[in-house]
């Protein structure tokens, strides 16, 4: 049960950070990234999956926003999840 | 930025992949409809208009074609914007905001349908009057029909747009906040209505015209024009302005820095679309006021509105396609 809660926690954290950038599109975006990049059910991601997600999500944000400040801001927020 | 470019290749953006659009048939249908209106307009005997502007029939047809081509461009731009929005709404099918975007797309489809129907009615009017025993009477009947059809389409377009904006706001748990803007909006609309009424009252050709070259603007008594044209138009424009406020509120209050950046193009396009269509409808309603002005003045106004309106719909399409890119990236 504890494991399940932990894994759900990381998914929620990733969605929470992404929402600050992609708003209503964030959850759909994160789910697709996890399913396609990590090949696992979204809610089951763990601490070790965050760096890979951070890379792909930040690249996508860079392409969409064309603003390095926004990318840096997102990277810092994802680093905080890893450090927690 | 170099880091982004370096790793960008790793990210697959499905929206950027070349693929065949399943909507090509709608563009073909629209092109055929446009050809239909052009062929109707060329069949009309325009010798009186040519004489009025000191042009040969050939020159007049050349001007008609030159005016019709931007018409095709704007039709295509509107269809492109509507399809882009609709495609995006379909891509986010199970989300809260999907229905809002669908209604915005429906409103743009309705605007396009109204424009095509208006074009046909205008050209059929000319042809019917040409073959009628009493051309002025036929023109007047068509003017009454055209005005009421336009009013109906305006009400439907802005009504759907308002519903779309309302649904978008509901998707983020908000309602249209009018508190600060209510007084200036109502005051603005009161001024607009008064000006509109004054212009109609001052228009000698409002109910009938003694000049066979000038078609009456409304062909109805003043009170009936107010009841069946002016008030519904003002109501439609009011809904359009409310929809615009709703879209701006959604843009400001939705979460996501990047989402808002992408959505901004759509909002700018919608602002231009709503304000220019209102201006265009107002100008069309009062067309006989500038019928006596010189040709270059009229052409100038029409061309500027065409260009900016086309730009507005391209912005809407770009915004919708960029939002779609978020949904198709993995």
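Values quoted throughout were computed directly from the atomic coordinates according to the rules given, and no laboratory measurement underlies them. Keep in mind that what you see is a predicted model, and the values were worked out from it rather than measured. Cβ sites come from the backbone with ideal geometry, for glycine too, and all protein chains shown count toward neighbours.
In terms of other Cβ atoms within 10 Å, B:275, B:206, B:56 run from fewest to most in the order B:56, B:275, B:206.
Mean residue ellipticity, 222 nm, helices only, chain A: the sum of -39500 (n - 2.57) across DSSP H runs of n ≥ 4, divided by residue count and rounded to 500, is -24000 deg cm²/dmol.
Full extension of the chain segment joining residue B:183 with residue B:301 gains 39.4 nm, where the gain is 0.36 nm per residue of separation less the Cα-Cα distance.
Spin-label model, residue B:56 to residue A:44: label points 7 Å out along the Cα-to-beta-carbon direction sit 8.0 nm apart. Once both labels are positioned 7 Å from their Cα atoms along Cα-to-Cβ, the gap between residue B:224 and residue B:208 label points is 1.2 nm.
Helix-only arithmetic for chain B: the sum of -39500 (n - 2.57) across DSSP H runs with n ≥ 4, divided by the residue total, places the mean residue ellipticity at 222 nm at -26500 deg cm²/dmol.
Could you put B:84, B:41 in order, starting from the residue whose Cβ has the fewest other Cβ atoms within 10 Å?
B:41, B:84
If the chain linking residue B:271 and residue B:231 were pulled fully straight, counting 0.36 nm for each residue of separation and taking away their Cα-Cα distance, it would gain 12.2 nm. Put in order of Cβ neighbour count within 10 Å, fewest first, the listed residues A:35, A:84 become A:84, A:35. The length gained by stretching the chain between residue B:201 and residue B:24 to full extension, at 0.36 nm per residue less their Cα-Cα distance, is 59.1 nm.
FRET efficiency for the pair residue A:52 and residue B:174, taken as 1/(1 + (r/R0)^6) with r the Cβ-Cβ distance and R0 = 51 Å, rounds to 0.90. Remark: spin-label model distance residue A:72-residue B:65 equals 5.8 nm, labels positioned 7 Å along the Cα→Cβ axis.
Eigen-decomposition of the gyration tensor built on the alpha-carbon atoms of the stretch A:2-83 gives equivalent ellipsoid semi-axes of 20, 13, 11 angstrom, largest listed first. Beyond 29 Å, the tail of the calculated P(r) for the stretch B:40-328 holds 39 percent of the Cα pairs.
Using R0 = 30 Å, the C-beta based FRET efficiency linking residue A:31 and residue A:84 works out to 0.90.
Cα-Cα pairs above 30 Å in the protein assembly as shown: how many percent? Provide the component values of the computation, followed by the final result.
On the way: 44026 of 85491 pairs.
For the protein assembly as shown, the share of Cα pairs beyond 30 Å comes to 51 percent.
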